[in-house]
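The values are calculated or read from the model by the stated rules, or taken from the named source; none is laboratory data. The structure presented is a predicted model; accordingly, all values stated were derived computationally and were not measured. FYI the Cβ positions are ideal-geometry reconstructions off the backbone, even for glycines, and counts take in every protein chain you see.
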Amino acid sequence: MNQHIPTGLVYYQDQYDEPNFLGNCYFEIKKPADCSITQLHHFYMLLKKGNKVSPVDLPLKIFNAAFLAFCYNGKRLVGISAIKKPSLTYLKDVHQKAGISNGIHQNFLEVGYSFTRESVRRKGISSTLKRMLLKKINDHQGILFSTTATPSSQRFLLFNGFRQKGNPYQGKFDNNIIYFEKNVTA
């Protein structure tokens, strides 16, 4: 077992209020160009509700993502995540904040834009969406990274082969953000 993963981890399925909550959800992974205007709008509105992402050029950034992930419970969108294509400026900024000095000369993708409605958190939605996204990019060669201050997301990343790099840093929306990275070769 990886020594960086807390041994007190409880699998989300043991915490469900409803025995088959995820079985009653519909999950969908799409390229932004394959999404309807309504889906893109709902993704944007749910992401904005999380209040963890700058709204500057957000619709364009969402449309530039490699993949968008959606979780519906009935007709209600309850969770989202994405594989983002970070700009060089953003990547340099994140590396500088985390104190990472190695060059940015590889192909980078980012796991991000993850948000689950508060009423259905701790049911495995976010981890399911991220696992599905990771399978979708299994042919990616380069670096896959994510930044998060959320302990459950940090555990997910460690469990899925990511390593913490650099130092925790202060972001605009969170304290103690940690940079995680995974070198992927097909």
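Residue selection: Leu91 fails the criterion of being out of contact with any helix residue (DSSP H, G or I) (no Cβ under 7 Å at 6 or more places or on another chain), part of a helix (DSSP H, G or I) and within 19 Å of Cys35 (Cα to Cα). For the range 166-186, residues that are exposed (fewer than 15 other Cβ atoms within 10 Å of the Cβ), of a type outside the set (Val, Ile, Thr) and over 23 Å from Asn51 (Cα atoms) total 3.
One residue alone among Phe173, Phe156 is in contact (Cβ under 8 Å) with a residue 60 or more places away in the chain and out of contact with any strand residue (DSSP E or B) (no Cβ under 8 Å at 6 or more places or on another chain), and that residue is Phe173. With respect to the conditions (1) in contact with a strand residue (DSSP E or B) (Cβ under 9 Å, 6 or more places away or on another chain); (2) within 20 Å of Gly50 (Cα to Cα); (3) at pLDDT below 90, Cys71 lacks only one, and its number is (3).
Can you find even one residue in the range 66-88 that is of a type in the set (Gly, Ala, Ser), over 24 Å from Asn107 (Cα atoms) and within 13 Å of the chain's Cα centre (by Cα)? So far as the range 66-88 goes, yes, one or more of its residues are of a type in the set (Gly, Ala, Ser), over 24 Å from Asn107 (Cα atoms) and within 13 Å of the chain's Cα centre (by Cα).
Restricting the range 38-65 to residues that are within 17 Å of the chain's Cα centre (by Cα) and charged (D, E, K, R), the residue that is nearest to Lys165 (Cα to Cα) is Lys52.
Among the residues of the range 143-157, is there at least one that is of a type outside the set (Phe, Trp, Tyr), part of a helix (DSSP H, G or I) and surrounded by fewer than 13 Cβ atoms within 10 Å (Cβ to Cβ)? The answer is yes; a qualifying residue exists.
Restricting attention to the range 29-59, report how many residues are touching a helix residue (DSSP H, G or I) at 6+ places or on another chain (Cβ under 9 Å), among the charged types (D, E, K, R) and modelled with pLDDT of 95 or more. The number of residues fulfilling the criteria is 1.
Just name the residue that is farthest from Ile83 (Cα to Cα) out of those in the range 114-129 that are polar (S, T, N, Q) and free of Cβ contacts under 8 Å to residues at least 60 places away in the same chain.
Residues of the range 114-129 polar (S, T, N, Q): 114, 116, 119, 126-128.
Filter once more, keeping what is free of Cβ contacts under 8 Å to residues at least 60 places away in the same chain: 114, 116, 119, 126.
On the way: Ser114: 10, Thr116: 16, Ser119: 24, Ser126: 13 Å.
Filtering first and then ranking leaves Ser119.
Among the residues here, Lys135 does not qualify as in a strand (DSSP E or B), within 28 Å of Leu22 (Cβ to Cβ), over 11 Å from the mean Cα position of the chain (by Cα) and among the basic types (Lys, Arg).
Name the residues in the range 1-28 that are at pLDDT 50 or above and acidic (Asp, Glu), would you?
Initially, the range 1-28 is screened for residues at pLDDT 50 or above, giving 17-28.
Correct list: Asp17, Glu18, Glu28.
Residues that are free of Cβ contacts under 8 Å to residues at least 12 places away in the same chain and either among the hydrophobic types (A, V, I, L, M, F, W, C) or assigned to a helix (DSSP H, G or I) (or both): does the range 65-76 have at least one? For the range 65-76, residues free of Cβ contacts under 8 Å to residues at least 12 places away in the same chain and either among the hydrophobic types (A, V, I, L, M, F, W, C) or assigned to a helix (DSSP H, G or I) (or both): absent.
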